[in-house]
Every structure is written in structure tokens, then in C-alpha cells.
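Enquirer: Here it is, the structure, as C-alpha cells.
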Amino acid sequence: MEKAKFSTKSIWAGEKEQLAFGATQVPVVHSVSFGYDDMDEWYEVAIGNKPGHIYGRNTNPTVQAFEEKIRILEGADASTSFSTGMAAISNTLSTLLFPGDRVVSIKDTYGGTNKIFTEFLPRQQVEVILCDTGDHEAIEREVARGCKVLYLESPTNPTVKITDIKRMAAAGKAVGATVIVDNTFATPVNQNPLELGADLVIHSATKFLGGHADALGGAVCGDRALVEAIYHYREINGATMDPMAAYLILRGMKTLKLRVDQQNKNAASIAEYLKTFDMVEAVFYPGLEDHPHHDIAKEQMTGFGGMLSFAVRGGVDTVRQLLPKLKYANRAANLGSVETVVGPSRTTSHVECTPAERLAMGIPEGLIRYSAGIEDIDDLKQDLAQAFKAIEAYVKS
């Protein structure tokens, strides 16, 4: 299986061991507990000497199939799962960081992640250094001063900025830091941070992995010892993935490459198309040649992703008028779905932040996050055209 092509692995990986009764699909195992008549066997499973399950908060067959599939797709030694993407992020950071430790990251992380860095970790006496995203020299200087964790997100949410993962991973390794990369936007279809030197990869499985906006989940993949420590923290603190969510995400992952390939194409086409509108002040997409880190993205990504963002003239007032006019887009706080999803950062990625905090992160109130779906590209373009035309008079007034 490890040598199969990506599309084949996304369909078959991790499933055979969990099939039962001749089923061709992984069953949803809702049982909370798993019984044993042999007390010695029960004990051996409980302490991890034998494969098996004892209690749903710890492990579950359906969830295990998901964990094995994402492990193989990321080329990792081990993986574990969580109830949400934020659970994956918070549990990982809580496992690795202690009072007196130092973590270096970037200013453009997802809003929930940013809150952990600016609000929660400082309460625990963890020193947090947030550098300008893309300023690789500044990040290297701070890392060289010493840190326990180097946390990266590339592309970033929602401004799709790019960090040179290989270069930053080398800087982190030089000081013994654990290098973590949130790969949610890129997915393993477009980017493999472990191959670029990262120790751990994080996913909000809710997004592109599931792809249908119907299940919450998160995952961490990477070094076995690190993953085992994170799993232990999670099994005690209880942010367990639900078996039904694992089943839905598994089902979605079978079409991951098909979906992401189409979303890559649609996002690239929409990014170019948006530049033709006078009402659009700026378009942010790493596949555009004028993106400040296009060359880095081209080097470390095989596709530029289904996410882009753009700023409109008139700010939030224009956003209020424009988005309701779109016929083929959900106005919602989600991304990575088969349907196109749009929304301003003030109600999606950075709703937890104040306007001042968003501005400090380079996120204008008039920024729109656009998650390209798999619809026909001509329909998406025509939809944007009619929406902009409908509000022209309003904006000019």
C-alpha cells in the first residue's frame, strides 16, 4: 500500500484491517466498551501489548481506520485523532509546552490558534514569539535564541501566505525544537511537510479531508514518540473523535484527490478572474505569479490549493452587499467543502479577534475568504460577475 499512487491509497489505505462480516466498507462501531472473557488478554490489550480496544475514549475501530489512512497519506510513522481541528492543535501544544518554555510562530495563524498563542499559553507562563509571516530571517533569529516548539501554518488562514517549510524546519532542528505544520489548507495532495523536515503535521479533518461539511475532526501525524505522547494527553483529557464522524471523513477521503485537484483548478481560475474587477483591491492566492512567495509555494507544493482571499473596495459595507448576491456559494464559517463557501474573516477564521487584532495581523475588514468548490468553473465565474454587477450602483454611490 505504501508504494501505491495517492488516489489508490486514499481509497484503500487503513481499511482492510477494520472490515467485518464481508463488508466492503468500514463499519461504524458505536460500542463504548469492548469486552473480554480472558482477563489476561484484557490486561495485555489495556496496557498496549496486544492490539485491540477497551474503551471508546481511548480507541475505536472506525476511528483507527481514519488514523491509519491519514498516516499513510502523510507518510508518517504514527497518527492520532481528535474531536475537532482545534482539539488537535490545543492538545498538541499542551502536550509539548510547559511553564518556562518558549514557542516561536507566525502572526497569520488561524484565529483560534492565534488565541492560544496570545491568551492561553501566556497564562501558563509559556513565552510566545509571533513573527511576521514570510519574514524568514526574523523567524530564524528568534528560533536561534532557542525554543521548544516552532509552529507554522502554510498556506495561512485566511491570507494564504507561504512559509518556507524546509528552511524553517532546518532552523528549528538546529536548536532541537519540535517543528509543527498545520497542513489543513494544502492537504497531503498538495504538500507533505514531513518530507520537508517537519516533525508533526496537523489537520482540521473537518475541512478538505472530509470535504462534505458534515463531520468534525482533527488529526496529528508524525514522529511516533511525539504522537504517542499527544495521544496519551488526548485519551486522558477526552477530546476523542466520534465514530460516526470518523466514518463520514473516511468516506470523504476516498475522493480527496479528485476533489482537491478540481478545487486547485477552480481556485486558480477564480483568482485570475477576480483581478479583472475594479471593485477588487487585491487578490491573495499562492498560485498567482505576483504572490510575494509564489516561488516558495511552487517549490514545496504540487498544487496551490482551493483557498484564496480577496479585498474589496468599500470594506465591510461592500461585503454586506456582495455576498448575499452569490447564488453558488454558502455564506458560512467553513472551508474545503464540495460546495463553494465564502465569508469575511470577521465572522469566520478570526471571529474571536477584535478589529484591532485583525488589522494587526494584516486582515482588513473587507477581506473575503473564498473556498472554491468543485462546481463548473463557468458557473462560478458568472455568479461572481452577476453579484458584482448587482452592487455596482451601490458601491459607486
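Enquirer: Using a 1.4 Å probe on the protein chains only, how many percent of the accessible area of the chain belongs to carbon and sulfur?
Expert: Roughly 52 percent, rounded to a whole number.
Enquirer: Could you pull out the pairs from 298/327; 69/327; 115/161; 275/325 whose alpha carbons sit more than 26 Å apart here?
Expert: 298/327; 69/327
Enquirer: From the square roots a ≥ b ≥ c of the eigenvalues of the alpha-carbon gyration tensor of the range 277-342, which class results: rounded (a/c under 1.5), prolate (a/b over b/c), or oblate?
Expert: Details: a/c = 3.17, a/b = 1.47, b/c = 2.16.
Because a/c hits 1.5 or more and a/b fails to exceed b/c, the range 277-342 counts as oblate.
Enquirer: Where a ≥ b ≥ c are the square roots of the eigenvalues of the C-alpha gyration tensor, would you call the range 155-297 rounded, which needs a/c under 1.5, or, failing that, prolate if a/b is larger than b/c, or oblate?
Expert: Working: a/c = 2.49, a/b = 1.32, b/c = 1.89.
It comes out oblate by the Cα gyration axes.
Enquirer: Then there is this: Might you tell me the accessible area per residue for the chain, computed with a 1.4 Å probe and given in Å²?
Expert: 43 Å²
Enquirer: Still on this model: Sorted by average packing, counted as other Cβ atoms within 10 angstrom per residue and highest first, what order do 33-42, 328-337 take?
Expert: Working: 33-42: 10.8, 328-337: 18.8.
The densest-packed peptide leads the list: 328-337, 33-42.
Enquirer: Hey, rough spin-label estimate for residue 174 and residue 49, points 7 angstrom out along Cα→Cβ, what's it come to in nanometres?
Expert: 4.7 nm
Enquirer: What dipole magnitude, in Debye to the nearest 20, does the range 1-141 give about its Cα centre under +1 on Lys/Arg Cβ and -1 on Asp/Glu Cβ?
Expert: Values: 13 positive and 20 negative charges, 76 e Å.
With only Lys, Arg, Asp and Glu charged at Cβ, the dipole is about 360 debye.
Enquirer: How big is the antiparallel share of DSSP beta bridges in the chain, given as a percent to the nearest 5?
Expert: Working: 24 of 41 bridges.
Restricted to the chain, the bridges split so that about 60 percent are antiparallel.
Enquirer: Between residue 332 and residue 32, what is the spin-label point distance in nm, taking each point 7 Å from the Cα along the Cα→C-beta axis?
Expert: Here the answer is 3.0 nm between the modelled labels.
Enquirer: Between residue 325 and residue 141, what is the label-to-label distance in nm when each label sits 7 Å out along the Cα-to-Cβ direction?
Expert: It is 4.5 nm.
Enquirer: Read phi for every residue in the range 365-376 and hand back ³J(HN,Hα) as whole Hz from Karplus 6.51 cos²θ - 1.76 cosθ + 1.60, θ = phi - 60°, with x for Gly and Pro.
Expert: 5, x, 7, 10, 8, 10, 9, 5, x, 10, 5, 5
Enquirer: Could you work out how far the C-alpha centroid of the range 242-300 sits from that of the range 41-115, in angstrom?
Expert: 26 Å
Enquirer: I would also like to ask the following. Tell me the mean residue ellipticity at 222 nm calculated for the chain from its helices only (DSSP H runs of n ≥ 4, each -39500 (n - 2.57), averaged over every residue, nearest 500).
Expert: Details: 15 runs with 154 residues, N = 397.
Estimated from H runs of four or more residues: -11500 deg cm²/dmol.
Enquirer: Stokes-Einstein D for the chain at 37 °C, 0.692 mPa s, Kirkwood Rh over Cα pairs, in µm²/s?
Expert: This corresponds to a translational diffusion coefficient of 151 µm²/s.
The values are calculated or read from the model by the stated rules, or taken from the named source; none is laboratory data. Treat the numbers as computed from the prediction; the structure is a model and nothing was measured. Cβ atoms come from the backbone with ideal geometry, glycine included; neighbour counts cover every protein chain shown. Just so you know, the surface numbers come from the protein's heavy atoms only, side chains and all, with ligands and any DNA or RNA stripped out. Shrake-Rupley method; radii C 1.70, N 1.55, O 1.52, S 1.80 Å.
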